[in-house]
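Since the structure comes first, as structure tokens, the remarks are kept for the end.
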Amino acid sequence: MYSFLSIPIFLAAGFLIPFIGSSNAKNSRRIALIASFLAIVVSLFEIPSVLLNKISVKYMSGWMAPYGISVAVDAFSLVFIILASVIGFLVVLYSKKYITSWSVEYYTLLMLLFTGVMGVLHAGDLFNLFVFFEILSIASYALTAFHKNKKSLEGAIKYLILGSFTASFMLLGIAIIYGIAGTLNMADLAGTLGAGLSTSTAIAFGLIFAALAFKSAVVPFHYLKSDILEVTIPPVGAFFASIVSATGIYAIMRLYFTVFNAGFLTHHILILLGVMSIILGSLMALKQKDIMRLLAYSAIAQVGFVVLAFGMGAFVSESYIAGIYHLINIVFIDALLFFCAGVLVLKHKTTNMEHLQGVGTVNPVLSYGFLIGALANAGVPLTNGFASKWLIYVASIKVSPILTIITVVASAITLAYSLKAYSVLFLSNAKNPKTIKLDGTIIFPIVFLCIICIALGIFYTAGISISEIATKALLNNKPYILGVLG
Amino acid sequence: MFVNYIAALLICIGIYTVLAKENLLKKIIGFSIFSNGIHLLLISIGYRVSGVAPIITDIKTTGLSLFVDPLPQAFVLTSIVIDLSITALAVAIIIQVHKKYKTISAKKLDNLRG
Amino acid sequence: MKKTISVFVAIGFFLIIVTAVGSFSEKKTDVQEYYTKNSIEKTGSANIVNAIVWDFRSYDTLGEETVLFTAIIAVFLIAHKKSIAEKKEVSG
């Protein structure tokens, strides 16, 4: 079990940085870079052990499965683990220019945020999931208030009250499950609860779903996402929009398929929530004057596509593949868009698009990066967004023509606001364009993400086969139960 | 086992306080009441009729004498620490908010548009 | 208006929790038996809750201490007098 080592690596980095960084602040960034690079290496080592429907299990402190805590990784988890470590490395690299002071606290909190994400992705026990979810939440409340100006503090306190309130719903759901089943191990629960949902189990799952949906901004729990992404610093905003949302969706799907084995009654609810997210996200993004809010609502709409694809999976079984493929794609697309827009925010210290008119014309790397991101967001052919959206259209035709109309219209609206943002920022004539000199630490993440977006679009068969392996691991929970319980 | 219903009542009082009160500190107190209601519910799940505290006093006669369930008590210990951390962080942010806004009423914080 | 809605939401949650709680049964789980039998010989502790927190489920205790550490760093970041622009860093 190599990929579990990423949790001790990030924890050790988080504890070491305050000691070593107090004397020399540049060391904190070096420790963070080394830790995130090692995390990529160990998660890549895990690939051979999860192919062919095997899972990789580790029993913490040696106690066997229902009596102790188990950590289990299958193909579905490993996709997210590799994504999280790669985007984490890019975020650490990209934040060099943004952090001029308080860097020791920033990198410590960032390392602890990564620990929380990795812990949630590896969890094999419900209470363990809750504890690491709280680590992730508290680190994100603190990083929201990093600027300490008026708006950031207001966003942070609103986020904290609503977020901790919702996370306690998760604890309530876990309490109800413990009362029903007597154990909290995921594999053991899957065996005990059987198939289908009874009333109490449905209430518990609904409460846990509410907590996770708040983190990943599924409508109607999307309320504060745009506020938060407006006030954070851009690297952290990129990480929130891409990986934290994906982690929430991962946890929901893990509980839905592996633990509860929920059956097909609730698929209609997922389709409804997906459609509401798509409509609300696209329409609200169209009327925003603020670049970060526009990208936030765009991320909400893309997550809606993923939830819709998972909901349609009951009727069309290829729709699960489309859902996972689209989730991989939107992680890269949202990170790319936030990285490009963030540089402009850094230079001009405002997020209002009217003040930012034409400031991007001075730098071609930013222009091309944002253009590729905008086209991929809308689903133009040759980009990765097109491949996954096409699968979703095909699946939705078989379910109902109304869904096809809604998704195609939403993609058209996405094209409209993405190109509007691109033209305002990068094509108009600016009043006083300052030249932006870009460092290697900013150019490398943007170029890397552009290459991945185009590569996943041209070689779409690779993306589809990865999603197929992940879907097979997700839908069939018998290997999971046998692997953990032994 | 009517302790379950008292715990549910505490949870509802907590939910009402967080949603309806405007003062930020009162919302934090409401969150604390809500959290303690959940802890009470967890511990009352572990109750066994005529059970004793889960401490082994005599090795010979342990057998399977009736203890109350020790597992929810471990969950509550962890959850109390998490709740404490959130409250401390919330109060720190509220102090800074008061310095900038001169008020701690949630209705007056409206710099961020919806 | 807001208070009325919150009262209704609170009462709704009360009914939901009462419904869910009604289906509990007091059963003796084999997990509890395992802890009771093996607490002294394998962990050497007569207090079973202590054995769970520090031995059987010590990973959760590690996570809880990390939460405490995160909150400490966060309070240090937020409650300091100087804002971002004013703090000069030690670098060398």
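The values are calculated or read from the model by the stated rules, or taken from the named source; none is laboratory data. Since this is a predicted model, take the numbers as computed values, not measurements. When we count neighbours, we look across all protein chains shown, and the Cβ atoms used for this are built from the backbone with ideal geometry, even at glycine. Areas reflect the complete protein model, heavy atoms only, side chains present, ligands, DNA and RNA absent. Shrake-Rupley method; radii C 1.70, N 1.55, O 1.52, S 1.80 Å.
Tabulated data for the structure shown
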| quantity | calculated |
| --- | --- |
| Inter-label distance for A:K437 and C:I40, nm, one decimal - labels placed 7 Å from Cα along Cα-to-Cβ | 7.4 nm |
| By average C-beta atoms within 10 angstrom, highest first, the peptides A:137-143, A:243-249, A:55-61 | A:137-143, A:243-249, A:55-61 |
| Relative packing of A:407-413, C:7-13, A:236-242, A:41-47, which averages over residues the other C-beta atoms within 10 Å, highest first | A:236-242, A:407-413, A:41-47, C:7-13 |
| In the B-C interface, the accessible area buried, summed over both sides, Å² (probe 1.4 Å) | 3600 Å² |
| Whole-percent pair-distance distribution, where bins are 10 Å wide, for the alpha carbons of chain A | 4, 21, 32, 28, 12, 3, 0 |
| Accessible surface, the protein assembly as shown, averaged per residue in Å² (probe 1.4 Å) | 37 Å² |
| Relative contact order computed over segment A:296-357 (Cα-Cα under 8 Å; 6+ residues apart), in percent | 25 percent |
| Shielding by other protein chains, C:5-13, mean Cβ within 10 Å | 5 |
| C:K37, A:K349, ranked by accessible area, largest first (probe 1.4 Å) | A:K349, C:K37 |
| Relative contact order (%) - criterion: Cα under 8 Å, at least six apart; region: segment A:56-108 | 21 percent |
| 10 Å-binned pair-distance histogram of segment A:188-241 (Cα, whole percent) | 21, 35, 22, 17, 5 |
| Charge tally in the Cβ shell below 13 Å around A:N128, where Lys, Arg are +1 and Asp, Glu are -1, A:N128 excluded | -1 |
| Debye log10 I(q)/I(0) at q = 0.09, 0.10, 0.17 Å⁻¹ for segment A:52-181, Cα point scatterers | -0.35, -0.43, -1.05 |
| Heavy-atom accessible surface that C and A bury in contact, both chains counted, 1.4 Å, Å² to 100 | 4300 Å² |
| Packing rank of A:441-454, C:40-53, B:31-44, A:319-332, where each peptide gets the mean count of other beta carbons within 10 Å, highest leading | A:319-332, B:31-44, A:441-454, C:40-53 |
| Peptide A:124-137 - average C-beta neighbours from other chains (10 Å radius) | 5 |
| Within 10 Å of each Cβ in B:99-106, the average number of Cβ atoms from other chains | 2 |
